[in-house]
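The values are calculated or read from the model by the stated rules, or taken from the named source; none is laboratory data. Please read these numbers as outputs of a predicted model, since none were measured by experiment. Heads up, the Cβs are rebuilt from the backbone with ideal geometry, glycines too, and the neighbour counts pull from every protein chain shown.
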Amino acid sequence: MNMASLAWTAPVAGALALLTAYLLASKINRQDPGTPRMREIAAAIHDGAMAFLNREYRTLVYFVLALAAIIVIAGFTTDAMQWQTAIAFVTGAVCSILAGNFGMRVATQANVRTANAAQHGLNKALDIAFSGGAVMGLSVVGLGMLGVGIIYMIFGNPDIVNGFALGASSIALFARVGGGIYTKAADVGADLVGKVEAGIPEDDPRNPAVIADNVGDNVGDVAGMGADLFESYVGATIAAMAIAVVNEDIDPNLAALPLLISAGGIVASIIGTQFVKGKEGANPAKALNMGTYAAGIVTLVIAGLISFLGYGTHIYFTAVVAGLVAGILIGQLTEYYTSGDYGPVKSIADASETGPATNIIAGLGVGMMSTGLPILVIGIATLVAYAVGAGSGQGLFTIALAAVGMLSTTGMTVAVDAYGPIADNAGGIAEMSHLDPKVRKTTDTLDSVGNTTAAIGKGFAIGSAALTALSLFGAFATASGLGNVSMTDPKLIVGLFIGGMLPFLFGAMTMNAVGRAAMQMVEEVRRQFREIKGIMEEKAKPDYARCVEISTGAALKEMVVPGLMAVAAPLAVGWLLGVTALAGLLAGALVTGVMMAIMMANSGGAWDNAKKYIEGGAHGGKGSQPHKAAVVGDTVGDPFKDTSGPSMNILIKLMTIVSLVFAATFGNGLLPL
């Protein structure tokens, strides 16, 4: 059956998602933003976030234009590439930029309205915070499917559409790294000097880094996460499309099947957002889980309907189910290892009784332990997906469809994740505006759930990255003519070692970048406490703008080298050593990158919630020695969970998509080995 005629469903579903996002944004803007003081603080956060994002994007223009020029030159000078790939590349980059811009613009409007609504009850505040997150989620999937669908309908060639994924991945890495450095420099400075040294509460207006900290929540956890899952979403879809075309055992028209499944997932996500309804006194997590499960069930129904109508077969439906179930299980496992309701986080809190060192040891142990079960889930999903398609020679295609299935409800996943920083900002605004303590208690209830949803979002992104990168690797192997490779081939071994090393090098670069930026922030906050008389008595106003400038400058400077490395490494190895060494590099990076990403993200999330568990009254509560130890652990965990860890999954996908786009230019390498 000719499925290519159904490609129109993707841009139509994308347009529907954007329309829904617009309606939600309009609803948010109609809500009361509160007192003049609340509006002033919210305006400072909004202006700081948008200023950073605009400067970041202006910096990335040069990178996008340079890489587009390389693609055009390769397209005109060789038969290996088509120059139209540059159009898809630029389109993917622009769509990723727009998704981040739309989502963060609305998030910085929803935060103050959430704080104001919290004066009237938890349910209203939950509705506004989640609606703000849903705008981000629906912008991601809307622009993703609108862009991929239109590019495919214009050119009809998945090789060209690969460029869209390259554009999305490039922007995602810089957004994740830059946003992560920004937010953690501010967070570490605010915590170490404000909480530990000065003994003032979190989000206290006397802390000079408090505005920068709240800005960072948006540029890191809203724009950064949105860009992250945008590239995973389009990358999985495009990988499946590419495999359908290059695999001789598959009808090329099936390239439209991933678009059809993703379009169904958009409809399911929109429906899922309608199930997030809280009740006063109830746990907000139940409402968010209800929306997630509803979106998953509707996706299964739509995937089954696609199979029943003859657009594909039961093997494709099984693959989608395997991926979707794996995504939900990874989310549940991440919650177990990072939520304060379970043993792992409580064990870190217990370890805080004997100081920061034992807290850090326990947190590292929890992170390392947490890699086991998610990897088994990913492995089982991969084997199931491969098994159902292997008999007809479609094993790689069904693995790619499992990744599409896992990411089909991305709209809902990002909505739940982006809800967290909005609730966090709402608490900061309530604190700085001196609202009734009951308001902060309400926002803290929302925020505590947001910490867990953020960890689940990172776990989901990492799990989907493994399947997506594996799918892209399969497409690369076919497109480059890799063929059978001997495990004793020295080029393969060298590639494995280089690939296995790159996530460690990348992690070191990003961790050190946060450390350097945080040192500047710590010194600045200390200087202001020392030199601006009257801050602690609230008779003088801190210089918030200076702290915002420090985070901005450090992030833009430090993000460049790690981002360029992700593009340069596969190109250098491919051109110098050939496709065999490059295959080893991609395999090595996939294994160590996924492990490090899970370990770092879960350690960081567990440290954070161990601190909040103590702040809730355990082990002496706020101000106790265990609390101070937990703050130190949380500070170590900040760049783990918000900079280095979540950037790993983008690193492995970006290197793979770069390899896929330039696959035909590598050959056996230039070095005579």
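Determine whether Gly75 is surrounded by fewer than 19 Cβ atoms within 10 Å (Cβ to Cβ), under 30 Å from Phe662 (Cβ atoms) and small (Gly, Ala, Ser).
Yes.
How many residues are among the hydrophobic types (A, V, I, L, M, F, W, C), touching a Gly at 6+ places or on another chain (Cβ under 7 Å), in contact (Cβ under 8 Å) with a residue 40 or more places away in the chain and farther than 28 Å from Gly178 by Cβ when one looks only at the range 50-86?
1
This table checks each residue for (1) more than 30 Å from Pro490 (Cα to Cα); (2) surrounded by fewer than 24 Cβ atoms within 10 Å (Cβ to Cβ); (3) out of contact with any Pro (no Cβ under 7 Å at 6 or more places or on another chain).
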site: Ala589; (1), (2), (3): no, no, no
site: Met595; (1), (2), (3): no, yes, yes
site: Gly616; (1), (2), (3): yes, yes, yes
site: Gln625; (1), (2), (3): yes, yes, yes
site: Pro639; (1), (2), (3): yes, no, yes
site: Met648; (1), (2), (3): no, no, no
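Please go through the range 247-269 and give me each residue that is surrounded by fewer than 24 Cβ atoms within 10 Å (Cβ to Cβ) and either touching a strand residue (DSSP E or B) at 6+ places or on another chain (Cβ under 7 Å) or β-branched (Val, Ile, Thr) (or both), ordered by number.
Selection gives Ile250, Val267.
Return the residues of the range 365-375 that are within 10 Å of Ser603 (Cα to Cα) and either touching an Asp or Glu at 6+ places or on another chain (Cβ under 7 Å) or buried (at least 20 other Cβ atoms within 10 Å of the Cβ) (or both); say none if nothing qualifies.
Of everything in the range 365-375, those that are within 10 Å of Ser603 (Cα to Cα) and either touching an Asp or Glu at 6+ places or on another chain (Cβ under 7 Å) or buried (at least 20 other Cβ atoms within 10 Å of the Cβ) (or both) turn out to be Val366, Gly367, Ser370.
Can we say Ala165 is under 23 Å from Asn283 (Cα atoms) and crowded, with 24+ Cβ neighbours inside 10 Å?
Criteria not met by Ala165.
So Ile535 fits all but one of (1) at pLDDT below 90; (2) assigned to a helix (DSSP H, G or I); (3) among the aliphatic types (A, V, I, L, M); what number is the exception?
Unmet for Ile535, out of (1) at pLDDT below 90; (2) assigned to a helix (DSSP H, G or I); (3) among the aliphatic types (A, V, I, L, M): (2).
For the range 69-121, what are the residues that are touching a Phe, Trp or Tyr at 6+ places or on another chain (Cβ under 9 Å), among the polar types (S, T, N, Q) and outside any helix (DSSP H, G or I)?
Gln82, Gln84
Restricting to the range 184-204, name every residue that is farther than 13 Å from Glu558 by Cα and not charged (D, E, K, R).
Ala186, Val188, Gly189, Ala190, Leu192, Val193, Gly194, Val196, Ala198, Gly199, Ile200, Pro201
Looking at Ala244, Ala209, Ala227 in this structure, which one is more than 18 Å from Ala44 (Cα to Cα) and in contact with a Pro (Cβ under 9 Å, 6 or more places away or on another chain)?
Step by step, each of Ala244, Ala209, Ala227 is checked, and only Ala244 is more than 18 Å from Ala44 (Cα to Cα) and in contact with a Pro (Cβ under 9 Å, 6 or more places away or on another chain).
Tell me the helices (runs of 4 or more DSSP H) entirely within the range 254-362 that contain at least 3 residues that are out of contact with any helix residue (DSSP H, G or I) (no Cβ under 8 Å at 6 or more places or on another chain), under 29 Å from Ala21 (Cβ atoms) and not β-branched (Val, Ile, Thr).
Output list reads 284-308.
Scan the range 188-200 and report the pairs whose first residue is more than 24 Å from Lys641 (Cα to Cα) and whose second residue is in a helix (DSSP H, G or I) and among the aromatic types (Phe, Trp, Tyr), with Cβ atoms within less than 7 Å and a gap of 6+ or a chain change.
Listed pairs, sorted by first residue: Ala198/Phe529.
Across the range 571-606, what is the number of residues that are of a type outside the set (Val, Ile, Thr) and closer than 30 Å to Ile456 by Cβ?
Within the range 571-606, residues that are of a type outside the set (Val, Ile, Thr) and closer than 30 Å to Ile456 by Cβ number 17.
Given the conditions (1) assigned to a helix (DSSP H, G or I); (2) buried (at least 24 other Cβ atoms within 10 Å of the Cβ); (3) over 21 Å from the mean Cα position of the chain (by Cα), and given that Asn218 satisfies all but one, which numbered condition is not satisfied?
(3) is the only condition that Asn218 fails.
Taking the condition assigned to a helix (DSSP H, G or I) and either polar (S, T, N, Q) or over 19 Å from Ala423 (Cα atoms) (or both), does Gly180 pass?
no
Go through the residues of the range 16-34 one by one and say whether even a single one is of a type in the set (Phe, Trp, Tyr), touching a helix residue (DSSP H, G or I) at 6+ places or on another chain (Cβ under 8 Å) and assigned to a helix (DSSP H, G or I).
Within the range 16-34 (the criterion being of a type in the set (Phe, Trp, Tyr), touching a helix residue (DSSP H, G or I) at 6+ places or on another chain (Cβ under 8 Å) and assigned to a helix (DSSP H, G or I)), the answer is no, since none of the residues qualifies.
Report, by residue number, each residue of the range 425-481 that is in a loop (DSSP other than H, G, I, E, B), at pLDDT 80 or above and not hydrophobic (A, V, I, L, M, F, W, C).
Those that are in a loop (DSSP other than H, G, I, E, B), at pLDDT 80 or above and not hydrophobic (A, V, I, L, M, F, W, C): Ser433, His434, Asp436.
Just to verify a result, which residue in the range 301-340, among those that are over 24 Å from the mean Cα position of the chain (by Cα) and aliphatic (A, V, I, L, M), is surrounded by the most Cβ atoms within 10 Å (Cβ to Cβ)?
Checking each candidate, the answer is Ala303.
For the range 487-495, state whether one or more residues are without any contact (Cβ under 8 Å) to a residue 60 or more places away in the chain and in a helix (DSSP H, G or I).
Of the range 487-495, the ones without any contact (Cβ under 8 Å) to a residue 60 or more places away in the chain are 487-488.
Going one step further and asking which of them are in a helix (DSSP H, G or I), we end up with none.
For the range 487-495, residues without any contact (Cβ under 8 Å) to a residue 60 or more places away in the chain and in a helix (DSSP H, G or I): absent.
Could you figure out which of (1) among the acidic types (Asp, Glu); (2) under 20 Å from Ile361 (Cβ atoms); (3) over 23 Å from the mean Cα position of the chain (by Cα) isn't true of Glu615?
If we test Glu615 against (1) among the acidic types (Asp, Glu); (2) under 20 Å from Ile361 (Cβ atoms); (3) over 23 Å from the mean Cα position of the chain (by Cα), just (2) comes out false.
Working only within the range 424-479, note down all residues that are more than 23 Å from Thr292 (Cβ to Cβ), surrounded by 24 or more Cβ atoms within 10 Å (Cβ to Cβ) and of a type in the set (S, T, N, Q).
Scanning the range 424-479 gives a single hit, Ser471.
Is there any pair with a first residue in the range 565-594 that is more than 17 Å from Ile657 (Cβ to Cβ) and a second that is buried (at least 24 other Cβ atoms within 10 Å of the Cβ) and of a type in the set (A, V, I, L, M, F, W, C) whose Cβ atoms are under 7 Å apart and which are 6 or more apart or on different chains, and what are they?
Taking only residues 6 or more apart or on different chains, the pairs are Gly578/Phe666; Ala581/Val573.
Residue-wise test of (1) aliphatic (A, V, I, L, M); (2) at pLDDT 85 or above; (3) not in a helix (DSSP H, G or I).
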{"site": "Asp203", "(1), (2), (3)": "no, no, yes"}
{"site": "Pro208", "(1), (2), (3)": "no, yes, yes"}
{"site": "Met225", "(1), (2), (3)": "yes, no, no"}
{"site": "Phe230", "(1), (2), (3)": "no, yes, no"}
{"site": "Ala240", "(1), (2), (3)": "yes, yes, no"}
{"site": "Glu248", "(1), (2), (3)": "no, no, yes"}
